[in-house]
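A short worksheet on the structure shown next.
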Amino acid sequence: MSRFAGKKVVITGGTHGMGLDFAKALIAEGAEVLVTGRNEKNIEAARDELKENAHIVRSDAGSVSDIEALAKIVAEKFGKIDHVFLNAGLAILETIDKFTEDTFDRQYAVNTKGVFFAVKHLAPLIQSGGSITITTSVANTAGAPGMGVYGGAKAAVRAFVRVAASELVAQGVRVNAVSPGFIHTPSMGIPEATPEERAQFQALGDILTPMKRHGSMEEVTKAALFLAADATFTSGLEFTVDGGGSQGVLTPQ
Ligand SMILES: NC(=O)c1ccc[n+]([C@@H]2O[C@H](COP(=O)([O-])OP(=O)(O)OC[C@H]3O[C@@H](n4cnc5c(N)ncnc54)[C@H](OP(=O)(O)O)[C@@H]3O)[C@@H](O)[C@H]2O)c1
């Protein structure tokens, strides 16, 4: 019997990259999945790829009214659910002299505000024994240039994971984070960057990561599957998938 047979799962930011990879793995293990995204091109591509195996809902992860509407759709389609993966995120590479109120607000809306309100509105639908996993980032703790706003937004989420874990324990719901380092995804998590900026960012990742390579989406998916299904005595954890980058692993040359 597979771990997710008959389970109902909601994934924000599931039309692209890591969220889509996680959705495919869950479907392969028998789950019924609802994924969200915003970009129409990515929504259509996900529809083609996931076919009738997933419900795909256009929903802005940074909009509280969209999140409230999403919770209603989830309740109508699924009733009670087993797992929520809050994965939608946005990093904009910009140093302190460059960021603006607009880029600050957009990153905090998707990475922080939307996550807090998604927990508020989706947690009541999760049945006892279920769980929430939230995607944070190695930028929580790393001091990489250009990641100030993004790192702050994700670090707030890491703190929130502990509080949500504490408040939801009585409901029988676990709350954990998966924290990727530099991972090969189509956008590298920086969808607004130019191809040159993305190439520079990738090269930086290979230098900074102790294992001297990027991680794969499958490596993040394996950690997310473990948190969702197997880590039944674990809550409040941040599971790093970053080649040792956030753990003080030293790499003498
Ligand atoms: N790739 C990395 O190296 C890396 C490292 C650390 C952490 N992360 C985090 O890991 C997660 C996934 O990253 P990824 O590289 O797989 O990125 P991605 O391919 O850009 O995926 C991000 C997902 O979030 C969705 N999204 C973004 N803004 C949204 C919004 N306002 N409303 C709804 N959906 C929205 C995207 O949908 P649309 O296409 O529709 O916008 C997409 O499905 C993110 O939280 C990211 O911050 C990534």
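Computed quantities for the displayed model
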{"quantity": "Cut-off under 5 Å, modelled amide H: who pairs with Ile92 long-range", "calculated": "Tyr150"}
{"quantity": "Calculated from backbone phi, Karplus (6.51, -1.76, 1.60) coupling profile of region 236-247 in Hz, x at Gly/Pro", "calculated": "x, 7, 10, 8, 8, 10, 9, x, x, x, 9, 9"}
{"quantity": "Length-normalised contact order of the chain in % [C-alpha pairs under 8 Å, at least 6 apart]", "calculated": "19 percent"}
{"quantity": "Global geometry of region 81-193, whether rounded, prolate or oblate, following the gyration tensor of its Cα atoms and the 1.5 cut on a/c", "calculated": "prolate"}
{"quantity": "Relative compactness, region 1-145, computed as alpha-carbon Rg over 2.2 N^0.38 Å", "calculated": "1.07"}
{"quantity": "Estimated [θ] at 222 nm from DSSP helical runs (n ≥ 4, -39500 (n - 2.57)) normalised by residues in the chain, nearest 500", "calculated": "-12000 deg cm²/dmol"}
{"quantity": "Where trypsin sites (Lys or Arg not before Pro) fall in DSSP loop in region 64-164, at most 15 other Cβ within 10 Å", "calculated": "Lys80, Lys98"}
{"quantity": "Per-residue HN-Hα couplings for region 90-104 [Karplus 6.51, -1.76, 1.60; θ = phi - 60°; Hz; x = Gly/Pro]", "calculated": "8, 10, 10, 6, 7, 7, 4, 5, 9, 5, 10, 4, 5, 6, 4"}
{"quantity": "Part-to-part distance (alpha-carbon centres) for region 220-253 and region 43-78, which is given in Å", "calculated": "27 Å"}
{"quantity": "Net charge of neighbours whose Cβ lies under 15 Å from the Cβ of Ile43, counting Lys and Arg as +1 and Asp and Glu as -1", "calculated": "-1"}
{"quantity": "Cleavage-rule hits (GluC sites (Glu not before Pro)) in region 126-231: DSSP loop, at most 15 neighbouring Cβ within 10 angstrom", "calculated": "Glu192"}
{"quantity": "Tail beyond 31 Å, pair distance distribution of the chain (Cα, percent)", "calculated": "18 percent"}
{"quantity": "Computed lengthening from Glu49 to Glu167, 0.36 nm per intervening residue step minus Cα-Cα distance", "calculated": "38.8 nm"}
{"quantity": "Farthest toward positive dipole pole in the chain [+1 Lys/Arg, -1 Asp/Glu at C-beta], among Val161, Ala91, Val173", "calculated": "Val173"}
{"quantity": "Rounded if a/c under 1.5, otherwise prolate or oblate - region 192-253, Cα gyration tensor axes", "calculated": "oblate"}
{"quantity": "Relative exposure of His121, His83, judged by other C-beta atoms within 10 Å (fewest first)", "calculated": "His121, His83"}
{"quantity": "Sparsely packed trypsin sites (Lys or Arg not before Pro) within region 206-253, loop by DSSP, other Cβ within 10 Å at most 14", "calculated": "Lys212, Arg213"}
{"quantity": "Violating pairs (Cα-Cα greater than 28 angstrom) within the set Lys8/Lys212; Lys41/Lys113; Lys7/Lys120", "calculated": "Lys8/Lys212"}
{"quantity": "Amide H contacts of Thr136 (H built 1.01 Å from N, under 5 Å, at least 5 apart or other chain)", "calculated": "Val178, Ser179"}
{"quantity": "Using alpha-carbon coordinates, inclination of helix 40-50 to the longest axis of the chain, degrees", "calculated": "60 degrees"}
{"quantity": "Whole-Hz couplings from phi, Karplus 6.51/-1.76/1.60, listed for region 131-148; x for Gly and Pro", "calculated": "7, 10, 10, 10, 7, 9, 6, 4, 5, 3, 10, 7, x, 6, x, x, 10, x"}
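Just so you know, all these numbers are worked out from the coordinates, no wet-lab data involved. As the structure is a prediction and not an experimental result, all values here were calculated from the model. For neighbour counting, all protein chains shown are included, and Cβ atoms are generated from backbone atoms with ideal geometry for every residue, glycine included.
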